[in-house]
Amino acid sequence: MLLARVIGTLVATIKTKSHENYKILAIKPIDLSGNFIGDTLIALDTAQAGIGDCVLIMQEGNSIRSIMNDEEGAVDAMIVGIVDFIKVDGEQRELTVSYNRD
């Protein structure tokens with residue numbers, strides 16, 4: 001699992017059958033301070049996330065296929081939750097992030 005920020009929405013006029021009932025979002029991983037790290041990813045959304053939301057990402061294929069109830073589903077990343085805040089060493093942190101999408 002990893003934390004990410006939703007940075008965009010993807011629109012597909014044709015989707016594979018396993019993707020038909022899901023919104024597709026562009027996400028960028030973040031660290032525990034809310035800073036962007038890593039490359040942009042594409043994820044299916046199960047949490048009704050929107051642009052700017054901090055989300056929890058699952059990247060384990062069998063678990064994703066189980067959530068989708070589709071043994072043939074081909075998905076690399078799935079949004080499984082929206083994160084309001086985190087606690088690090090007992091300290092609550094709001095995950096604010098700069099929207100510099102470099």
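Values quoted throughout were computed directly from the atomic coordinates according to the rules given, and no laboratory measurement underlies them. Worth saying up front: this structure is predicted, and the values here are computed from it rather than measured. Please note: Cβ atoms are built from the backbone with ideal geometry, for glycine as well, and neighbour counts cover all protein chains shown.
Hey, what do the phi angles of segment 81-94 turn into as Karplus ³J(HN,Hα) couplings, whole Hz, using 6.51/-1.76/1.60 and θ = phi - 60°, x for Gly and Pro?
Per residue, the Karplus-derived 3J(HN,Hα) values read x, 9, 9, 7, 6, 10, 10, 10, 6, x, 9, 6, 10, 7 Hz.
Find, among the chymotrypsin sites (Phe, Trp or Tyr not before Pro) in segment 9-102, those assigned to loop by DSSP (not H, G, I, E, B) with at most 14 other beta-carbon atoms within 10 angstrom.
Phe85, Tyr99
List Asp39, Asp53, Asp31, Asp84 from most exposed to least, where exposure is judged by having the fewest other Cβ atoms within 10 Å.
Neighbour counts put them in this order, fewest first: Asp39, Asp84, Asp31, Asp53.
GNM, the chain, Cα, under 10 Å: largest mean-square fluctuation among Ala43, Ala12, Ala74?
Of Ala43, Ala12, Ala74, the most mobile in the Gaussian network model is Ala12.
If each DSSP helix of 4+ residues adds -39,500 (n - 2.57) and the sum is divided by the residues in the chain, what number results at 222 nm, nearest 500 deg cm²/dmol?
Calculated at 222 nm, the ellipticity per residue is -2000 deg cm²/dmol.
Quick one: Lys15, Lys87, fewest Cβ neighbours within 10 Å first, how do they rank?
Lys87, Lys15
Suppose every Lys and Arg Cβ carries +1 and every Asp and Glu Cβ carries -1, with no other charges. What dipole size does the chain come out with about its Cα centre, to the nearest 20 debye?
Charge dipole, the chain, about its Cα centre: 240 debye, nearest 20.
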